[in-house]
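So the structure is just underneath, and the comments pick up after that.
The values are calculated or read from the model by the stated rules, or taken from the named source; none is laboratory data. No experiment lies behind these values; they were computed from the predicted model shown. Ideal geometry is used to build each Cβ from the backbone, glycine not excepted, and the neighbour counts take in all protein chains shown. With ligands, DNA and RNA removed, areas are computed over all heavy atoms of the protein, side chains included. Shrake-Rupley method; radii C 1.70, N 1.55, O 1.52, S 1.80 Å.
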Amino acid sequence: MAKEKMTGAQAVVRALEMEGVDWLFGMPGGTILPIYDAIFSSEKLKHVLVRHEQVGGHAAEGYAHATGKVGVCMGTSGPGSTNLVTAIADAYMDSVPLVAITANVSRPLIGTDAFQEADITGITMPITKHNFLVTDPNDIPRTMKEAFYLAPTGRPGPVHVDFPKDVIQADMEFEYPETVHIPGYMPAIKEQPRLAEAASLIRSAQRPCVYLGGGVRAGSAFSEVFEFCELLGAPVVTTLHGKGAFPETHPLCLRMFGMHGSRYANYTIQDSDLIVALGARFDDRVTGKLSTFAPEAKIVHLDVDPAEISKLVTATVPLVGDLKTLLPRLTEEVRSAFAARGKPDLSAWWRRVEEWRQRHPLRVKQDGEKYILPQTAVVRIWEKSQGKDTVVTTGVGEHQMWAAQFWQVSRPREFITSGGLGTMGFCLPSAIGIQLARPESLVIGIDGDGSFQMTLQDLATAVDLHLPIKIFILNNLFLGMVRQWQELFYDRRFSETPLSDCPDFVKLAEAYRCLGLRARTLEELDSVIDQALAHQGGPCIVDIRVKRQEKVYPMVPAGAPLNDMIGGE
Ligand SMILES: Cc1ncc(C[n+]2csc(CCOP(=O)(O)OP(=O)(O)O)c2C)c(N)n1
């Protein structure tokens with residue numbers, strides 16, 4: 001194919017088109033103007049103008065979470081690029097495939113403190129899988145190809161590409177590479193000699209447990225995981241990001257474990273003699289005090305990222321590779337072991353697990369309670385959206401944990417949240433990206449009054465796009481999760497956590513020309529949820545006034561052993 005002459009900016013846009021990008025999210029500015037000018041001529045790219053670049057980043061994350069494809073966000077130099085930093089860090093912590101594009105000042109100005117100059121590649125280096133400062137316009141096609149290869153392969157993550165303005169203004173010759181060759185980057189590891197050893201441990205275990213993390217979603221290995229879990233017949237526990245990796249309504253599933261996991265899930269993993277960890281990283285929010293974590297358990301750890309193996313918990317059998325290809329091989333190995341030596345009898349183990357499950361269920365104690373409990377709100381919204389193709393996203397705080405505890409996920413990619421970084425303000429932006437990616441789905445946000453106020457200006461974006469997202473604010477007039485810690489561990493000294501009854505979220509919704517609803521009583525709750533779910537043609541904001549002091553239980557205090565929970569009896 002002959003090389004085509006064009007500007008660097010046109011080359012960036014052409015590369016985005018060739019990568020099959022449909023939606024991208026950002027805001028223009030002086031430095032990135034050449035790219036926006038080229039976007040103006042593109043018939044394939046659909047650009048969403050956000051009101052804050054962080055929102056563009058989270059919207060791109062929402063899009064990526066919901067589809068498994070790469071999300072794309074953009075910002076101009078200086079503040080436009082630094083506004084993207086939180087979203088890039090969020091994507092890094094949660095292994096979300098993201099390409100972030102920024103412009104920078106022209107090459108001769110770099111390092112001179114020029115207007116709107118920021119060393120953004122310096123800033124994003126520790127929070128990206130890889131980043132590029134493109135200094136030659138002819139490098140644009142190769143760099144873009146590499147960015148879109150690096151972001152979704154291996155352990156997915158964000159890649160950042162920064163273009164000095166004179167590089168995108170310059171003429172260049174465009175030829176898009178067909179293949180990528182990045183020395184030292186080999187995400188697929190083929191040889192796995194220890195599958196038999198893993199299968200043998202699984203065959204011999206008397207109290208096995210499968211621990212599913214966000215890697216199942218990142219690796220799109222849902223059916224492979226389902227087959228493996230059903231073959232084992234062992235209890236399955238998940239992390240926050242593991243929700244959706246296996247149906248929570250399935251009898252094998254003990255749902256989420258960790259700091260706010262169910263008691264029965266925590267007791268089970270803590271008491272197991274073998275943990276099969278799939279796409280998981282033994283984060284402190286799930287292990288509790290590391291030295292006391294599952295003391296009798298051997299560990300089979302399968303992950304695509306070798307850096308995660310034995311980082312925190314030593315693997316008895318490490319298995320490095322892509323879940324989607326490697327796990328079926330382990331499944332076959334286990335099947336052979338079962339065929340040769342018989343399937344293990346887990347009935348005594350299950351009796352114990354069932355006793356915990358019966359004795360310590362996750363319960364909502366609404367009876368006799370005058371105020372709406374936040375858990376009740378989650379359960380009612382969940383019940384009323386059953387049978388629909390629903391995706392739920394959240395902010396960060398207590399409401400996020402109640403959503404995690406009570407929103408029972410039955411399908412992959414149904415529960416999307418900011419886990420690793422815990423970014424307040426994630427809900428509305430991610431809902432925008434999810435709804436664009438999945439126009440037919442019912443997109444529900446469970447948000448907090450504090451979190452919602454971090455990015456609410458982008459209601460304007462959702463209104464412009466007529467997105468029928470429904471954001472339910474569990475309004476406790478507090479920065480609730482921090483208040484909870486103050487109540488439990490800081491002698492009830494509520495320093496800077498009460499929020500005022502301001503703004504009026506219903507009026508705010510109206511100011512943004514969308515539907516605003518409020519529920520103060522249980523009677524109002526049902527009708528308000530019905531109205532919200534029926535509403536089409538634009539966003540709907542629901543202010544649910546919940547019992548202010550309600551806390552998330554059970555809770556493993558930070559640094560305590562996993563079975564040392566308070567509350568939730
Ligand atoms: C950007 C950001 N700033 C601060 C925090 C610390 N933080 C964690 S939860 C929380 C309170 C969240 O309040 P709200 O959104 O109202 O939810 P609630 O806990 O009340 O359900 C805060 C301040 C955070 N996670 N993210």
| query | Can you tell me which residues in the stretch 46-80 are over 16 Å from the mean Cα position of the chain (by Cα), surrounded by 24 or more Cβ atoms within 10 Å (Cβ to Cβ) and closer than 19 Å to PHE148 by Cα? | reply | CYS73, MET74, GLY75
| request: Return yes or no: is VAL391 among the aliphatic types (A, V, I, L, M) and either within 16 Å of the ligand (Cβ to nearest atom) or outside any helix (DSSP H, G or I) (or both)? | output: yes
| query | Among the residues of the stretch 367-388 satisfying the criterion of being in a loop (DSSP other than H, G, I, E, B) and under 28 Å from the mean Cα position of the chain (by Cα), which is farthest from the ligand (Cβ to nearest atom)? | reply | GLY387
| said: Please determine whether any residue of the stretch 446-458 is farther than 20 Å from ILE381 by Cβ, in contact with a helix residue (DSSP H, G or I) (Cβ under 9 Å, 6 or more places away or on another chain), open to solvent by less than 10 Å² (accessible area, probe 1.4 Å) and within 16 Å of the ligand (Cβ to nearest atom). | reply: yes
| field | Condition broken by THR249, with the remaining ones in (1) surrounded by fewer than 23 Cβ atoms within 10 Å (Cβ to Cβ); (2) over 21 Å from GLN405 (Cα atoms); (3) not acidic (Asp, Glu) satisfied | value | (2)
| Hey, among the residues in the stretch 461-507 that are part of a helix (DSSP H, G or I) and free of Cβ contacts under 8 Å to residues at least 12 places away in the same chain, which one's nearest to the ligand (Cβ to nearest atom)? | TRP485
| query | Is it the case that some residue within the stretch 410-425 is within 20 Å of ILE372 (Cβ to Cβ), touching a residue at least 40 places away in the same chain (Cβ under 8 Å) and open to solvent by less than 10 Å² (accessible area, probe 1.4 Å)? | reply | no
| request: Quick one: which residue in ALA265, ALA294, ALA307 is among the small types (Gly, Ala, Ser), under 25 Å from the mean Cα position of the chain (by Cα) and open to solvent by less than 20 Å² (accessible area, probe 1.4 Å)? | output: ALA265
| task | Report, by residue number, each residue of the stretch 426-440 that is open to solvent by 10 Å² or more (accessible area, probe 1.4 Å) and part of a helix (DSSP H, G or I). | result | LEU436, ALA437
| Going by the conditions given, is VAL364 under 19 Å from GLY242 (Cα atoms), surrounded by fewer than 24 Cβ atoms within 10 Å (Cβ to Cβ) and either near the ligand (Cβ under 9 Å from one of its atoms) or more than 17 Å from the chain's Cα centre (by Cα) (or both)? | no
| touching a residue at least 60 places away in the same chain (Cβ under 8 Å), within 16 Å of the ligand (Cβ to nearest atom) and within 30 Å of VAL304 (Cβ to Cβ): does that describe HIS58? | yes
| field | Pairs with Cβ under 6 Å, 6+ apart, first in the stretch 541-565 and over 30 Å from ASP283 (Cβ atoms), second at pLDDT 95 or above and open to solvent by 30 Å² or more (accessible area, probe 1.4 Å) | value | ASP543/ARG518; ARG545/ARG520
| task | Give ILE101, ILE123 a once-over and let me know the one that is away from the ligand (no atom under 16 Å from the Cβ) and in a strand (DSSP E or B). | result | ILE101
| Answer residue from the stretch 513-540, given it is without any contact (Cβ under 8 Å) to a residue 60 or more places away in the chain, open to solvent by 60 Å² or more (accessible area, probe 1.4 Å) and not basic (Lys, Arg) and is nearest to ASP449 (Cα to Cα) among those | GLU524
| said: Step by step: first the residues of the stretch 2-57, then only those that are aromatic (Phe, Trp, Tyr) and not in a helix (DSSP H, G or I), then the one that is farthest from ALA89 (Cα to Cα). Which residue is that? | reply: TRP23
| request: Please specify each residue of the stretch 310-332 satisfying the condition of being part of a helix (DSSP H, G or I) and surrounded by fewer than 19 Cβ atoms within 10 Å (Cβ to Cβ). | output: LYS324, THR325, PRO328, ARG329, GLU332
| query | On the given criteria, is GLU510 in a helix (DSSP H, G or I), under 30 Å from THR461 (Cβ atoms) and free of Cβ contacts under 8 Å to residues at least 24 places away in the same chain? | reply | yes
| message | Just the residues that are over 25 Å from LEU254 (Cα atoms), of a type in the set (Gly, Ala, Ser) and within 16 Å of the ligand (Cβ to nearest atom), please, taken from the stretch 420-445. | response | GLY425, SER430, ALA431
| note | Restricting attention to the stretch 394-419, the residues that are assigned to a loop (DSSP other than H, G, I, E, B), touching a Lys or Arg at 6+ places or on another chain (Cβ under 9 Å) and within 13 Å of the ligand (Cβ to nearest atom) number exactly 2
| field | Hey, THR128 touching a Pro at 6+ places or on another chain (Cβ under 8 Å), buried (at least 23 other Cβ atoms within 10 Å of the Cβ), over 20 Å from ALA38 (Cβ atoms) and free of Cβ contacts under 8 Å to residues at least 60 places away in the same chain or not | value | yes
| field | The lone exception for PRO156 - which of (1) assigned to a loop (DSSP other than H, G, I, E, B); (2) more than 30 Å from the chain's Cα centre (by Cα) it fails | value | (2)
